[in-house]
Each structure stands twice: as C-alpha cells, then as structure tokens.
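Each remark here refers to the structure printed beneath this line.
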Amino acid sequence: MPEYPSAILKKKRDRLISAAIRENTPDFLNAHTLILDEYFCQCYESSLVGPLLMTEKNPYAMIALGGYGRREQCVHSDIDLLFLFDKQVPEAVESLIQEIVYPLWDIGISVGHATRSISECLDIAATDIEVLTSLLDGRLICGMTPLFTSFMTLLRQDVILPKSAELVSILIEASENRHRRYGDSAYLLEPNLKEGQGGLRDYHTIRWIAQIRSDIREFRDLEYYGYLSHDEFQQLNQALSFIWIIRNNLHHMANRKCDQLHFEYQPRLARRLEFIRSDVLHPVERMLSRIHAEMEFVKQQLRIFLYDLSHEKKSARQMKGGVKTRIAGIEIQRGAVNFVSGEAIFHNPFLLMQIFEQSARFNLPLSGEARRLIREFQHLADEDFIAASQTVRSFEKVLTASSPRFHALDEMLLAGFLPIFIPEYKKITNRIQYDEYHLYPVDTHSLRVVTTIKKFGTSEDSAECTLCGELYKDIFPMRKWLLWAGLLHDVGKGEQTGSHSHVGAVMARDILARYGYKKRDIETVVFLIEEHLLLIKTATRRDINDEETSIGCARKIKDVAHLKMLYLLTVADSVSTGPKAWNEWTSALLRDFFLKVLNILEHGDLASQQVIRDMEKKKSLILLSAGSASAVQEIKSLYEVMSPRYLVYASASDVLKHIHLFQEKGDSGFAWKIEGSENTHTRIVTICARDRPGLFSKIAGVFTLNGMDILDAQIFTWRNNTALDIFNVTPPPDLLFEQERWDRAHKNLMDALSGSLDLAVALRHRQEAGFPDRHQQDQRPHRVEVDNAASSFFTIIEVFSQNSPGLLYHITDAIFRCGLDIWVAKIATKVDQIVDVFYVRDFDGQKIDSPDQVASVRHALMNVLRGNGKQEETDEKN
C-alpha cells in the first residue's frame with residue numbers, strides 16, 4: 001500500500017533535521033524548503049479536488065510566502081502559503097485546503113494559508129505592509145506560471161512603484177518600533193534572534209527595501225545591484241548562516257518555534273555546538289561572544305544601508321550635509337563623514353585616525369564607504385603610525401570630545417579601528433561574561449564607562465549623581481587620565497591568568513608608554529585601573545562603619561585627587577555594567593563610604609577626634625530628649641551597655657528609636673519595626689531580641705520563607721545580652737498584601753525562636769511547592785575566603801556562590817554550627833550570584849585564627865555550597 005505524501009514528507013524531514021542538527025548542515029534551509037516544495041508539487045499533481053476547480057477558466061497557483069518564499073525554512077518555522085486564483089476563489093477551495101494543508105497539521109507542521117484572487121491580494125497589499133512584505137518574498141511552488149508572473153508584475157506596477165518612497169519610510173519606521181519593543185539583541189542577555197536589533201528581521205528589512213527599489217529576487221542580488229560590497233556580502237552571509245544554525249538548534253531543543261535564546265538553553269546549546277572552554281572563556285561565553293559579533297554586524301549593516309540610501313528620518317546630523325572639514329581628504333556627505341578618495345588615504349595614512357576626530361567634531365557617523373576604505377587601508381596603520389604623536393593627539397581629541405549623545409569612540413570600535421590603534425583591545429572585543437550582572441561585552445562596556453564619565457554634571461548624567469558632577473569639575477586638569485583609565489580598566493580581562501585589575505594595570509603601563517606619556521601621568525592611570533574595584537568591593541563587603549575600614553582604604557589611596565577620580569571611575573563602571581549593577585542602595589552605600597575616606601584624607605587624625613566629639617554630642621542630645629529624671633537614668637544605664645561601634649553607627653534619633661523598641665520588647669522574644677528606606681524601594685527592618693546563637697540564621701530563614709532578600713545587615717550586641725539587628729531587605733513580592741505578609745513573617749519568627757517551627761523543613765517544603773527558583777546558569781565556582789588580617793577584632797568570612805532560595809539561611813546556620821557568632825553581615829546579591837561577607841567571633845568573643853579552625857569553617861561552608869552546585873575554585877569574576 002503506497003504511503004501518503006505527508007508520511008513521506010515526515011520521514012524526509014525527520015532524517016534531514018536529525019542530520020542537520022548532528023552535523024550543522026550549512027544547506028539545511030534550502031534542503032528543508034526543497035522537500036516541502038516536493039510535497040506541494042506532488043499534491044498538486046495528484047489532487048482529486050484540483051480538476052473540479054475548472055482551472056482552465058480560473059487558473060490558480062500555490063505560492064510560498066515569507067521565510068518559506070525566501071528558502072529560509074527553519075526547523076519549526078511556519079509555512080506561509082498562498083492559493084492564488086486569477087479571478088475569484090471557488091467554493092471548492094475548502095476541499096483543496098483539506099486535501100493539502102490538513103495532513104501537514106496532522107504531522108505537527110504549522111501552516112498559515114490564504115486563498116485570494118489577484119485583485120484581493122493587490123487591494124490588501126496596498127494597505128497592509130505585513131502582507132506586502134510577505135508577497136515581496138513570494139515564490140512560485142507549482143501551478144500556473146503565467147498567473148504568478150502576471151500577479152508579480154501587477155504588484156510592482158500598481159502597488160509598489162506608485163508609492164515606493166512611502167513604503168520604504170513605513171518599513172524604516174516599523175524597524176525602529178521593533179527595535180524599541182525587542183531591544184538590542186546584540187547586548188540582551190536573552191537575545192531575540194529574529195525580531196531583536198541585529199536579528200534576522202534587520203536583514204529582511206534590507207532585502208525588502210532593495211526589492212522595492214530595484215526588484216531584486218535573490219539574496220545574492222544585494223551584491224549584484226551594489227547594495228553591498230563583495231566583502232560585506234560575504235560577511236553578512238557568514239553572520240546569517242551562524243544565526244540560522246543557532247535558531248535551528250534552538251527550535252529543535254525547544255521542540256517548537258522559539259526565537260528567544262532563553263538562559264535555560266544557552267549552556268546546552270554551547271555544548272551541542274561543541275564550543276570548547278578556553279583558559280579565559282566558558283563554552284557558553286564563547287558562543288555568546290560569537291552571537292554578539294554576528295548580530296552586531298547585521299545591526300550595523302542595516303544602519304549603514306539606511307545611511308547610504310539617505311532613508312533615515314531627517315535629523316540634525318543630516319541637515320549638516322555640505323559642511324567642509326578642516327582636514328584635506330575628509331568631507332561630509334549626506335549626514336556622514338567620508339574620505340574624499342582611497343588615494344587620499346594612501347598619500348596621508350593619518351586620515352585613518354583623523355576621520356574619527358572629525359566624526360567627534362561634527363557629531364556624525366562614518367559613511368559605509370568610509371568603513372570599507374578603513375578596512376581596505378588598515379594595513380597602513382603600522383607600529384610607527386600608532387606611536388606617532390600626530391596619531392596620539394588626534395585620538396586624544398576623540399577620547400575627550402564632549403558630546404553627550406554621539407560618541408566617535410563607538411564609531412572607532414564599529415569600524416574595527418580601535419583594536420588596531422590599541423592592539424590589546426582585540427582580546428576583549430565581543431568578549432561576553434556569562435551572568436545576569438554584566439549586560440554588555442567587555443569592549444562595549446569599556447566605551448560606555450568613558451561615555452558615562454563624560455556625562456557627569458550634564459543633563460544626560462545617567463548616574464543622576466550631583467556629587468559626581470561636582471567632583472568631575474574638581475578634577476578638570478586630570479580628566480584625560482580618568483578617561484584613559486575608563487577606556488582601559490577592563491583590558492586585562494582578555495588575558496588568561498591573574499586578577500584582571502592587576503593584569504590590566506600592567507598592560508596599561510605598556511600601552512601608555514608606547515604613546516609617549518610621562519611616567520607620572522602613566523602611574524595615575526595605572527593606579528586607577530589597579531584599584532578600580534577597591535571602593536565598591538569595600539563598601540559592599542566590609543563594615544564601613546568601622547573606622548578601621550576607612551583608614552585602611554585611605555592609606556592605600558593616599559591622595560584626595562586620586563580618591564575623587566577613583567570614585568568617579570567606580571560609579572561609571574557600575575552604571576555602565578547594567579541596570580542590575582547600580583541602584584539607589586548601591587549608590588548611597590558607595591557615596592557614604594567615599595565621604596568617610598575623603599574626611600580622613602582631608603583631616604587626617606582629626607577625623608578620629610571628630611568621631612569622639614560627635615559621640616559626646618550625640619549622648620547629650622539623647623539625654624536632653626528624656627523627660628523625667630527616671631527616664632534620664634534609664635537611658636544612661638542603656639547607653640553604658642551600648643557598644644562603641646553601635647554608637648558611631650547610629651544617629652541620636654536612631655538610638656532613641658532603638659531604646660523605645662527595647663522597651664517595647666520587654667520580656668517577649670523580640671520586637672521589630674519596619675520602615676521604608678529613604679529614596680529606595682527597600683525596607684529597613686530593625687529587630688530587637690534577646691541575643692542567642694543562631695539568631696541571624698533564623699531571621700534570614702524567615703525572610704527567605706516569605707520571599708524577601710536581605711541586601712545588607714548591621715548586627716549589634718549590647719552588653720545586656722540584647723541583639724539589635726538592622727536589615728535592609730527587598731519588600732514582599734505582593735505589595736497589595738504587604739502587611740499581611742509581614743504579619744505572617746512575624747509569626748514565623750516567633751515560632752522559629754520558640755522552636756515550634758523547623759525552618760530547614762519549612763524552606764524545603766516551600767521549594768518543593770514551587771518556590772520561585774532563581775535561574776541556575778552555567779555553574780560558577782564556589783569559594784570561601786577566611787580573612788584574619790583586615791579587622792583587629794573579627795574574623796571575616798567571604799562566601800562566593802550561585803544564588804538560590806534559602807542559601808543565606810543554610811550558610812548562616814553552618815556558621816552557627818561552627819560555634820561562631822555573626823556580628824556584621826554584608827549581603828551582596830549580584831542577580832544570579834552572591835558575595836556574602838560575615839564578621840564573626842567564636843562564642844568566647846575570640847577571632848578564629850588557628851589553621852584547624854579556619855579549615856573546619858571552610859569545609860563546613862563548602863559542604864553547604866556543594867548542595868547548590870559542583871565544588872570548584874578559581875579567580876572571582878568582576
């Protein structure tokens with residue numbers, strides 16, 4: 001018994017897809033299209049319904065539309081099909097659809113079909129741009145060839161030619177709207193391979209516009225008609241081929257049409273495509289770096305295409321056409337900077353750098369022709385060219401140009417010339433760090449840091465920090481060195497070993513010496529790069545209310561100007577990393593620490609004396625607020641049991657609030673007060689309780705149980721066995737019922753302290769019931785550091801790991817079981833990773849400084865972390 005055509009098709013598709021996924025067959029799209037064409041042709045020839053349609057009077061044709069029409073049929077792409085009739089659609093067409101399309105649905109193939117006459121198609125295409133673009137890609141599968149030819153001729157004559165300029169404008173506007181909706185997929189953590197900026201739809205836009213203007217029919221025609229150079233066509237073909245490989249594998253892995261490269265697929269996809277781990281990059285990072293590079297090229301090719309055709313909306317930069325430059329050999333054409341000729345570059349290679357200087361001067365991009373000439377003549381940029389003072393002076397003008405909205409450095413990077421001028425940039429170009437914290441590739445991030453610095457104090461200041469604007473004015477004579485530090489601060493990430501800050505500082509010394517800078521200025525840049533993480537790490541991982549912390553940092557920095565530049569670099573680095581690296585909480589923490597260190601550098605030992613005077617003044621204010629003599633006596637008694645560290649940390653008003661909270665607690669287990677924090681979307685929870693071992697872990701477990709994350713914690717112990725713990729936490733997930741959630745958390749804590757609630761069991765049940773798990777990516781190494789040198793009175797434990805629900809509870813519970821009290825906690829959650837820091841002492845009030853104690857603590861904590869991923873140790877990524 002002969003097989004049905006659909007059964008034959010299914011077998012062919014299964015074999016083809018299996019081979020394509022296994023071998024990444026480059027010609028899969030076309031091969032997939034061909035076997036679908038075979039099915040439709042066979043159905044057409046053997047149709048039982050076809051003869052009933054009276055095709056001699058009303059001929060019809062089956063036409064492939066959209067991606068199927070372009071022969072770009074991916075694994076689970078829809079099949080877009082048009083049954084086109086000459087005059088009118090006959091009633092029997094429904095039977096034809098059942099005969100041809102329904103069997104495809106039965107074998108799991110998604111088919112979108114339409115049945116229209118020529119006149120209907122023309123009418124709809126004239127008003128619907130999506131229908132028009134699908135018809136632009138139309139391709140005859142089978143049926144009456146003259147009918148198809150006639151239709152495409154009428155489509156061009158009646159619909160396209162009368163309003164071609166309008167149609168191109170509509171396509172450009174649609175592309176801009178799509179970019180706003182889906183974002184820049186060259187940077188997004190989960191890029192959309194089709195609709196995002198840099199995705200396949202950008203290539204389609206190029207193709208559709210070329211079809212409207214020149215009636216091209218094939219991809220190759222983009223080169224034949226002069227829309228792309230030969231090299232651009234080859235590179236675009238390579239970029240699209242890789243994106244299609246990713247898309248096909250993603251479809252196959254998801255077992256459905258899926259164009260968003262979600263986190264859950266990324267590590268698996270990198271393994272399937274056999275990306276190999278290098279000393280610097282994980283397999284998934286190598287894959288994402290390649291995806292970024294290819295999508296960035298597609299994005300830029302659309303941008304160049306639109307500039308070259310002068311089809312972007314009129315803007316200020318386009319109105320400057322005809323402006324002459326000061327440099328012979330460079331001119332402005334149609335709102336872009338261009339070389340007069342390739343011969344001019346040959347006679348004066350310095351034009352290769354000066355064109356970017358003019359780009360910065362006029363706030364204009366380079367033309368597509370200029371980019372082509374730069375690639376063609378880049379061999380002229382040899383070592384002598386790079387080190388020449390004329391080249392360096394020209395680059396300095398690009399680096400320091402004050403232009404909040406346009407950045408010629410970006411043009412240098414996109415044209416591929418920045419890695420030529422700074423060869424060390426080659427290793428960080430398109431380098432991706434695979435986490436939810438670093439949003440941009442290293443090279444792009446570095447340029448964004450430079451841009452952020454230059455925006456300080458302007459209306460474009462993305463840090464929204466008036467202090468940064470004031471400091472940027474203060475360091476005016478040294479701005480150039482700060483900008484150099486911003487440009488090079490992450491250059492060490494391209495190397496295989498060592499701290500990227502230290503490696504980058506060494507590399508920067510060589511780079512700047514190559515350009516002939518003075519040793520004093522070089523050392524300033526080197527210091528900023530070496531220490532560019534000092535302030536943010538210390539502010540988020542150390543007790544900044546401990547004067548010892550500020551003094552140690554001040555001794556390392558030594559100079560007020562260096563501190564100001566370091567602060568500006570730190571802010572710019574955080575802002576430019578991504579929205580999840582910089583928030584009001586981080587901003588406030590960093591600013592407070594900066595001001596403490598600044599105070600010490602400006603006043604020296606007087607700063608410590610000022611602390612003593614402030615404490616005495618604080619005591620007087622507190623006592624003055626007491627009404628009766630008995631109240632004064634009670635406050636005095638409590639004041640005597642408060643630790644000096646607490647009295648430095650707390651304001652007079654805070655001390656009074658805490659005294660009231662202590663009085664409210666009375667003989668009960670604890671009392672707490674919940675407040676909204678100033679200028680942030682977090683909550684300050686102050687808990688006054690009888691001190692006991694394991695208190696912190698129980699509080700942490702209760703917060704986790706109720707869906708709240710601890711961002712920071714200050715733990716104080718009064719000498720009357722009272723614990724005063726101050727937590728900065730995220731609010732409950734459902735703000736409409738926030739009070740109900742706090743009430744429940746209060747009961748949970750009461751039960752946990754009384755022993756009637758087993759938190760470990762409750763957290764396990766919560767997770768089994770669907771507790772929202774944070775995404776587990778390609779597992780980062782776990783690390784536990786024990787530091788006995790940074791603090792005179794405490795041992796500092798640092799824990800680095802992947803974040804997961806309940807992890808903080810388990811960590812702090814393990815610390816308690818090691819016989820340690822937590823006195824200060826700094827909880828830094830970097831979206832998918834945690835860096836938790838604890839100041840601890842044993843139950844006798846001593847540091848843990850014997851090798852056996854340190855080893856025991858490390859072992860206990862690593863056992864906890866192993867439950868959340870494999871054990872491994874390596875350098876931390878920052």
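The values are calculated or read from the model by the stated rules, or taken from the named source; none is laboratory data. Quick caveat, the model's predicted, so the values are computed rather than measured. As a convention, Cβ positions derive from the backbone with ideal geometry for all residues, glycine included, and neighbour counts pool all protein chains shown. Quick note on the areas: whole protein, heavy atoms, side chains included, nothing else; ligands and nucleic acids left out. Shrake-Rupley method; radii C 1.70, N 1.55, O 1.52, S 1.80 Å.
All of (1) in contact with a helix residue (DSSP H, G or I) (Cβ under 9 Å, 6 or more places away or on another chain); (2) in contact (Cβ under 8 Å) with a residue 12 or more places away in the chain hold for N237 with one exception: (1). When segment 489-512 is filtered for residues that are under 21 Å from K397 (Cβ atoms) and free of Cβ contacts under 8 Å to residues at least 60 places away in the same chain, the ones remaining, listed by number, are A508, L512. Output yes when any residue across segment 41-51 is aromatic (F, W, Y) and in contact with a Cys (Cβ under 6 Å, 6 or more places away or on another chain), and no when none is. Checked segment 41-51: at least one residue is aromatic (F, W, Y) and in contact with a Cys (Cβ under 6 Å, 6 or more places away or on another chain). For V702, only one of the following conditions fails: (1) open to solvent by 40 Å² or more (accessible area, probe 1.4 Å); (2) part of a helix (DSSP H, G or I); (3) β-branched (V, I, T). What is its number? The single condition V702 does not satisfy is (1).
Within segment 120-160, which residues are of a type in the set (A, V, I, L, M) and in a loop (DSSP other than H, G, I, E, B)? Answer for segment 120-160, where residues must be of a type in the set (A, V, I, L, M) and in a loop (DSSP other than H, G, I, E, B): A126, M144.
Summed over segment 716-741, residues that are open to solvent by 10 Å² or more (accessible area, probe 1.4 Å) and either among the small types (G, A, S) or in contact (Cβ under 8 Å) with a residue 40 or more places away in the chain (or both) total 6. Would you say L399 is open to solvent by less than 40 Å² (accessible area, probe 1.4 Å) and either within 22 Å of the chain's Cα centre (by Cα) or within 19 Å of L482 (Cβ to Cβ) (or both)? Spelling it out, L399 is indeed open to solvent by less than 40 Å² (accessible area, probe 1.4 Å) and either within 22 Å of the chain's Cα centre (by Cα) or within 19 Å of L482 (Cβ to Cβ) (or both).
Of all residues in segment 847-878, those being open to solvent by 70 Å² or more (accessible area, probe 1.4 Å), at pLDDT 90 or above and part of a loop (DSSP other than H, G, I, E, B) number 0.
Taking segment 804-843 as the range and being among the basic types (K, R) and either surrounded by 20 or more Cβ atoms within 10 Å (Cβ to Cβ) or in a loop (DSSP other than H, G, I, E, B) (or both) as the test, only K826 passes.
Within segment 431-444, the residues that satisfy the criterion of being open to solvent by less than 10 Å² (accessible area, probe 1.4 Å) and modelled with pLDDT of 80 or more are P441, V442, D443.
For first residues located in segment 660-673 and over 17 Å from V729 (Cβ atoms) and touching a residue at least 60 places away in the same chain (Cβ under 8 Å), partners that are open to solvent by less than 40 Å² (accessible area, probe 1.4 Å) and in a helix (DSSP H, G or I) and lie 6+ apart or on another chain with Cβ distances below 6 Å form the pairs G669/L753.
Within segment 134-154, residues that are touching a residue at least 40 places away in the same chain (Cβ under 8 Å) have Cβ atoms under 6 Å from residues that are part of a helix (DSSP H, G or I) and of a type in the set (D, E, K, R) in these pairs: I141/D37, counting only partners at least 6 apart in sequence or on another chain. When you check G108 against the structure, is it within 39 Å of the chain's Cα centre (by Cα) and in a strand (DSSP E or B), yes or no? Criteria not met by G108.
In segment 786-803, the qualifying residues are those that are touching a helix residue (DSSP H, G or I) at 6+ places or on another chain (Cβ under 9 Å) and in a loop (DSSP other than H, G, I, E, B), and the one that is most open to solvent (accessible area, probe 1.4 Å) is F793.
Mind checking whether some residue in segment 633-653 is part of a strand (DSSP E or B) and open to solvent by less than 30 Å² (accessible area, probe 1.4 Å)? Looking through segment 633-653, none of the residues is part of a strand (DSSP E or B) and open to solvent by less than 30 Å² (accessible area, probe 1.4 Å). Kindly indicate whether any position in segment 185-208 is surrounded by 18 or more Cβ atoms within 10 Å (Cβ to Cβ), out of contact with any Phe, Trp or Tyr (no Cβ under 8 Å at 6 or more places or on another chain) and basic (K, R). Yes, because at least one residue in segment 185-208 is surrounded by 18 or more Cβ atoms within 10 Å (Cβ to Cβ), out of contact with any Phe, Trp or Tyr (no Cβ under 8 Å at 6 or more places or on another chain) and basic (K, R). Report yes if some residue within segment 525-539 is hydroxyl-bearing (S, T, Y) and either over 30 Å from L189 (Cα atoms) or surrounded by fewer than 23 Cβ atoms within 10 Å (Cβ to Cβ) (or both); otherwise report no. Among the residues of segment 525-539, at least one is hydroxyl-bearing (S, T, Y) and either over 30 Å from L189 (Cα atoms) or surrounded by fewer than 23 Cβ atoms within 10 Å (Cβ to Cβ) (or both), which makes the answer yes.
Of all residues in segment 267-282, those satisfying the criterion of being assigned to a helix (DSSP H, G or I) and open to solvent by less than 60 Å² (accessible area, probe 1.4 Å) are P267, L269, A270. Restricting attention to segment 654-674, the residues that are assigned to a strand (DSSP E or B) and either more than 39 Å from the chain's Cα centre (by Cα) or modelled with pLDDT under 90 (or both) total 2.
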